[in-house]
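The values are calculated or read from the model by the stated rules, or taken from the named source; none is laboratory data. The structure presented is a predicted model; accordingly, all values stated were derived computationally and were not measured. Cβ atoms come from the backbone with ideal geometry, glycine included; neighbour counts cover every protein chain shown. Calculation scope for accessible area: heavy atoms of the full protein, side chains included, ligands and nucleic acids excluded. Shrake-Rupley method; radii C 1.70, N 1.55, O 1.52, S 1.80 Å.
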Amino acid sequence: MPKTSTDTIMNSFPESFKGRSNRENYTQTENSSSAENTCQIPERQNIEAQTDAVKGNENIYGDFHVDTLLTFLRKVTPLICSVLEKNSKSKAFDRYKLLSDVESTSISCLHVLEKALASEFCCSSISWNSVGTAIAAAYSNRDHKNWCEHSSSVDLWSLRRMDFDRKKPNLTLETDCCITCLSFHPDLPAIIVAGKLNGEILLWDISKEDDPLLASTEIALFNHREPITGLHWILHYGVHNKIEFVSCSLDGKILIWKYEDGILKLDNGFLILAKQLPGNFLIKTSKENAEIGITSMTINSEDPNIFVIGTEGGGIFQCVFDSLVPASYTGFSPISLKSPINMGFERHKGQVTSVQFSPFSRNVFLSSGSDGELRIYSLLQPKPFLVLQLPNGGINAAQWSPIRPLVLSCVCNNGQFHVWDLKSDDKSPVESLPLSIEKSYGLSIQNNKENPSLVATSSSDGIIQIWKLSGSVLIVETGEEMLLQALSKNID
């Protein structure tokens, strides 16, 4: 490539660049400087681990000072006690339940009702009012060696009142004798009747705060003279304010009472005598007028003329109110006593503790006994078509579910509350729960007909428990009533 002279290069620029001078100068940016420094990572060092095993011969309490510990405890104890006391009164976690506390059972205890009682007293009977918002409890001494001289009471808890207190009844009705049985009127929520150990019957209207006692029966030879074991209301179609009920007792009498003109009038009566039992149920006795003690009674839900009784000796008998057979009774009575029995059923091996007609079947009824058996009978045959046996302890009370035809429950001498579902298992209970922590036994059970999820039980330690049912025991399944009818007609 040929060399180019400077003049040639200069001649190549435009005329505007010719004649300009150039000079050197420094820039405005100084040279950058750099320096070395230590890093920001902390220094590391090795130390011994704190999990070395302590030798057995070393004194681990060597630095323990008693005086220092006492000084510390005296300082913090008042604060700790005040906080614990405050926590015990707090309701912040009343409805909180840990996952570990959630039980698989379909029954939970909703309320535990109790009052201050002497150790020898028990809750002998309970009853829900007609609207299902209040429960009454009767108390009795467990041991009577002779005539009763105890002061007792009937106590009432209203579960929906703002001042509800599980340890303080809303109303207490004092009595001069132990109460063995009581019952709320099925239509009138303020009317309650109670039977005493001496055979007397009391009728209250709890809406009258000043003097709730409406009437009482007199202690007379022709009235009950033994403990009352059953009180059942007699209802008349279309009549709502009439007060009429039937009572039974261990003296073998079944008496019908009417409340008229401020008094209880004896309207009709029956007597169960040993010599008038059906032929295959006769009992040998040396007493001419030997009565058969009645322990329980139930009236048919469809035919109020039919009723069933259970007796001390284990006998179960079907009876009718319109019987005209006179009782062979030589004692004095202002009314003509009759013998109501027209059929006998296979007896329990122990005392009959309860009988109840099924609310879903005219012919089916339930019985329980001290022999630990639950029996289901049909009026069409003398033998039970189903027998449920509990291995431990007798049964003191049993009831049908008001909404499930094949579900029943009972309380026992071993302190257990059992629920049976015959559709799923006719051999063993589907639920079994202890009534209380103490070694007590169940005495009575009562379903809440207005709120079928609630069941009340009472025990020998005087405690009333309100149970809440849930899950399968409350789910009404189709075909149960038909199945019950079919079972009752399965005559061998």
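Would you mind calculating the gained length between residue 478 and residue 71 on full extension (0.36 nm times residue separation, minus the Cα-Cα distance), in nm to one decimal?
Values: separation 407, 0.36 × 407 = 146.52 nm, distance 7.18 nm.
Taking 0.36 nm per residue and subtracting the Cα distance, the gain is 139.3 nm.
Which sequence of 343, 297 reflects their accessible areas, 1.4 Å probe, from the largest down?
Values: 343 50, 297 5 Å².
From most accessible down to least: 343, 297.
Relative contact order for region 267-359 using alpha-carbon pairs under 8 Å, separation at least 6, rounded to a whole percent? Walk me through the numbers on the way to the answer.
Numbers: 197 pairs, mean separation 31.4, N = 93.
Once normalised by length, the contact order is 34 percent.
Of all the Cα-Cα pairs you can form in region 155-215, what percent are over 13 Å apart? Can you show the working numbers first?
On the way: 1196 of 1830 pairs.
When all Cα pairs of region 155-215 are counted, 65 percent exceed 13 Å.
What's the center-to-center distance, using Cα atoms, between region 434-455 and region 354-370 in Å?
Spelled out, the Cα-based centre of one part sits 18 Å from the other.
Below 10 angstrom from the Cβ of residue 151, what's the summed charge of the other residues (Lys, Arg +1; Asp, Glu -1)? Before the final figure, lay out the partial values.
Details: positive: none; negative: 149, 174, 176.
Here the charged neighbours net out to -3.
Residue-wise, which Karplus ³J(HN,Hα) couplings in Hz belong to region 230-238, taking 6.51 cos²θ - 1.76 cosθ + 1.60, θ = phi - 60°, and x for glycine or proline?
Each residue's phi maps through the Karplus curve to give x, 9, 9, 7, 10, 9, 10, 4, x Hz.
So, in Å, what gap is there between the alpha-carbon centers of region 249-278 and region 205-220?
20 Å
Given a Förster distance of 60 Å, report the FRET efficiency between residue 170 and residue 33 from their Cβ-Cβ distance, rounded to the nearest 0.05.
For residue 170 and residue 33, the calculated efficiency is 0.05.
Write down the radius of gyration of region 210-264 and its Dmax, each obtained from C-alpha positions, in Å.
For region 210-264, the Cα-based Rg and Dmax read 12.5, 36 Å.
Post the alpha-carbon centroid distance, region 147-168 to region 283-346, in whole angstrom.
34 Å
Using only alpha carbon pairs under 8 Å that are at least six residues apart, calculate the relative contact order of region 364-441 and give it in whole percent.
Working: 162 pairs, mean separation 16.1, N = 78.
Relative contact order for region 364-441 comes out at 21 percent.
Over region 155-208, what is the relative contact order in percent, taking alpha-carbon pairs closer than 8 angstrom and at least six residues apart?
Value for region 155-208: 23 percent.
Past the 30 Å Cα-Cα mark, which pairs from 167/253; 145/258; 145/349; 145/468?
Beyond 30 Å between Cα atoms: 167/253; 145/258; 145/468.
Could you calculate the contour length gain from residue 489 to residue 242, that is, 0.36 nm times the residue separation minus the distance between their Cα atoms, to one decimal place in nm?
Length gained, residue 489 through residue 242: 85.3 nm.
Out of the total accessible area of region 186-225 (probe 1.4 Å, heavy atoms of protein only), what percent is carbon and sulfur?
Within region 186-225, the accessible surface is 50 percent carbon and sulfur.
Let me check I've understood the local charge: for residue 128, count other residues with C-beta under 9 angstrom from its C-beta, Lys and Arg +1, Asp and Glu -1. What total comes out?
Here the charged neighbours net out to 0.
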